[in-house]
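Here's the structure, in structure tokens; my notes come after.
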Amino acid sequence: MNSKYRYLIPNGITFLSLTCGIVSILLSASGHLQPGGILILTSYILDLFDGAMARKLKASSEFGLQLDSLVDMVSLGTAPAVLIFMHLQIDGLTMGWLWPFVVMIPLAGAFRLARFNLLPPKKSGNSDSVGLTISTGGATLALAVLADLAIPSEWINDYWYILLLAVVAVLMVSTIEFPSLKGVFSGWRKSAIILSLFGVSVTQMPIFAAWFLWTNAYLGLYVARAGYKRLS
């Protein structure tokens with residue numbers, strides 16, 4: 001492929017991710033929460049592909065890095081905050097003290113992205129990230145709303161969202177190491193076990209609820225690992 005044009009593919013994926021984030025915000029603000037949440041997850045999946053595609057095509061660039069960070073701020077930092085805010089507003093939770101918790105998410109995401117851009121390149125074989133990535137944090141928040149909408153009864157109490165917002169924000173600015181999906185699914189046996197268990201959980205509850213619970217298990221596991229390392 002012409003060296004000039006190979007950059008178009010990963011950057012095109014990134015711009016598509018940005019489109020998903022912008023449309024998600026518009027939908028959420030209009031009260032269409034489910035499609036808004038699904039677009040955030042779409043952006044999350046696209047975010048996994050643009051970097052991989054850039055590496056495959058040897059099309060990584062400083063422009064792509066900065067663009068990716070800006071898109072993450074919109075699609076996986078701001079859009080999930082708007083989604084949760086509108087969800088709680090529709091449920092009748094209009095207290096003024098809710099606002100700071102919602103604002104914490106894009107602020108923590110901006111801090112996380114700025115720190116990431118200043119860190120030296122990762123050593124070969126190390127897939128861990130310092131602090132929860134904004135993409136995983138945003139996807140977790142979107143999954144909470146989608147799971148709540150998918151289950152007729154109130155699955156997550158409105159006040160639990162306040163705790164979730166605070167925890168996700170703190171994890172993003174923390175120095176706890178979280179592995180990438182590539183690290184989580186390293187090895188076919190490990191991948192097969194995880195996917196099998198996920199498949200079983202999907203038969204018991206809506207897919208968004210299962211995905212949300214497994215994401216929380218991922219967060220809990222590596223927070224516990226960090227705590228164990230500090231105590232040992």
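Please treat every number below as a calculation from the coordinates, not as lab data. Every value quoted in this text rests on a predicted model; they were computed, and no experiment measured them. Neighbour counts are summed over all protein chains in view; Cβ atoms, including those assigned to glycine, are modelled from backbone coordinates with ideal geometry.
Run the quick spin-label model on Leu57 and Arg230: label points 7 Å from Cα toward the beta carbon, then report their separation in nm to one decimal. Spacing of the two 7 Å Cα→Cβ label points: 4.2 nm.
In a reduced charge model with +1 at each Lys and Arg Cβ and -1 at each Asp and Glu Cβ, segment 128-232 shows a dipole moment near 540 debye about its Cα centre.
Segment 203-232 and segment 33-79 have Cα centres separated by 23 Å. With a Förster radius of 41 Å applied to the beta-carbon distance between Leu70 and Glu154, the computed FRET efficiency rounds to 0.70.
Packing-based ranking of 220-227, 93-100, 164-171 yields 164-171, 220-227, 93-100, ordered from highest to lowest mean Cβ neighbour count within 10 Å. Other residues with beta-carbon under 13 Å from the beta-carbon of Glu154 carry, at +1 per Lys or Arg and -1 per Asp or Glu, a net charge of -3. Take the Cα of Ala166, step 7 Å toward its Cβ, do the same at Leu107, and the gap between the two points is 1.4 nm. Every helix of 4 or more DSSP H residues in the chain counts as -39500 (n - 2.57), and over all residues that averages to -24000 deg cm²/dmol at 222 nm.
Computed over neighbours whose Cβ is under 14 Å from that of Leu18, the net charge equals -4, Lys and Arg +1, Asp and Glu -1. For the cross-link pairs Lys56/Lys229; Lys58/Lys182; Lys58/Lys229, the ones whose C-alpha atoms lie over 25 Å apart are Lys56/Lys229; Lys58/Lys229.
Relative to the globular-protein estimate of 2.2 N^0.38 Å, the Cα radius of gyration of the chain stands at 1.02.
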